[in-house]
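*Asks:* Pasting in a structure now, in structure tokens, and then I'll have a few things to ask.
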Amino acid sequence: MQSLLRWLSYAPTSEIPAVVRAGILSHRFISIHPFNDGNGRTGRLLATAELWRSGYKMRGFLSFDEYFNAERNLYYNALQMQLPSDFYQGRNDCDITEWLEYFANTIAKASEKLRLLALSLQAEKGLPSTPWDQLPRRQQQVLVRLVARIKSEKTALELLVRPSDIESWFAVSDRTARQWLSDWTESGFVSPIVAGAGNRIHKYQLSEEWQKVTKQAS
């Protein structure tokens, strides 16, 4: 186990593709078999944790146990590879290509199933595609804030944005907030509402396109 931990913390190990690294970690742990019971579950948990740490954050949507239980014979055959069960009788330094191919294919199958599920759920709801993701991050955050406002206040408030809103949401100065709103006016994201003496602009309204998107999202 100390050797396995040293390998995992060794800098060049981080250069190994995440799926391969998680597969090696899982197989090595299960082969060492440090506990009397629960080694398989712990090994699969370690693989999940390593993938999560590497950016594969499909929390709640990827369960190894679901796939391994559905094809137990394939799982055990790939794990054992016709090798002795004792770690120091051939499992401590063996070629685990067969296991890694099975492990990677399982990840691929789970990912494809999740992709198709997401597409089917979207199709069932009849959700129109929107260019929301094409917006710069700050403008996306503005829409999210407005959606939250609609939900909490039960009114669209004409989907207005004030410089004071931008100051509060992004912790910027009044000058910066007004500059952003001016830039967003040029890009067609918002339009100014002129009122009062001196034609001073105190608030902005979302463009018609983004009003529609925001109301749908809420």
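*Asks:* Kindly indicate which of 115, 175, 138 is surrounded by 13 or more Cβ atoms within 10 Å (Cβ to Cβ), at pLDDT 80 or above and among the charged types (D, E, K, R). Let's see the steps before the verdict.
*Replies:* Working: 115 fails: surrounded by 13 or more Cβ atoms within 10 Å (Cβ to Cβ); 175 fails: surrounded by 13 or more Cβ atoms within 10 Å (Cβ to Cβ).
Going through 115, 175, 138 in turn, just one is surrounded by 13 or more Cβ atoms within 10 Å (Cβ to Cβ), at pLDDT 80 or above and among the charged types (D, E, K, R): 138.
*Asks:* Next question, about the same structure. Got at least one residue in segment 99-119 being out of contact with any Leu (no Cβ under 8 Å at 6 or more places or on another chain) and part of a loop (DSSP other than H, G, I, E, B)?
*Replies:* no
*Asks:* Name the helices (runs of 4 or more DSSP H) wholly within segment 1-81 that hold at least 2 residues that are surrounded by 10 or more Cβ atoms within 10 Å (Cβ to Cβ), modelled with pLDDT of 90 or more and of a type in the set (Gly, Ala, Ser)?
*Replies:* 18-32, 39-53
The values are calculated or read from the model by the stated rules, or taken from the named source; none is laboratory data. Only a predicted model underlies this, so the values are computations on that prediction, with no experimental measurement involved. With ideal geometry, Cβ positions are generated from the backbone for all residues, glycine too; neighbour counts draw on all protein chains shown.
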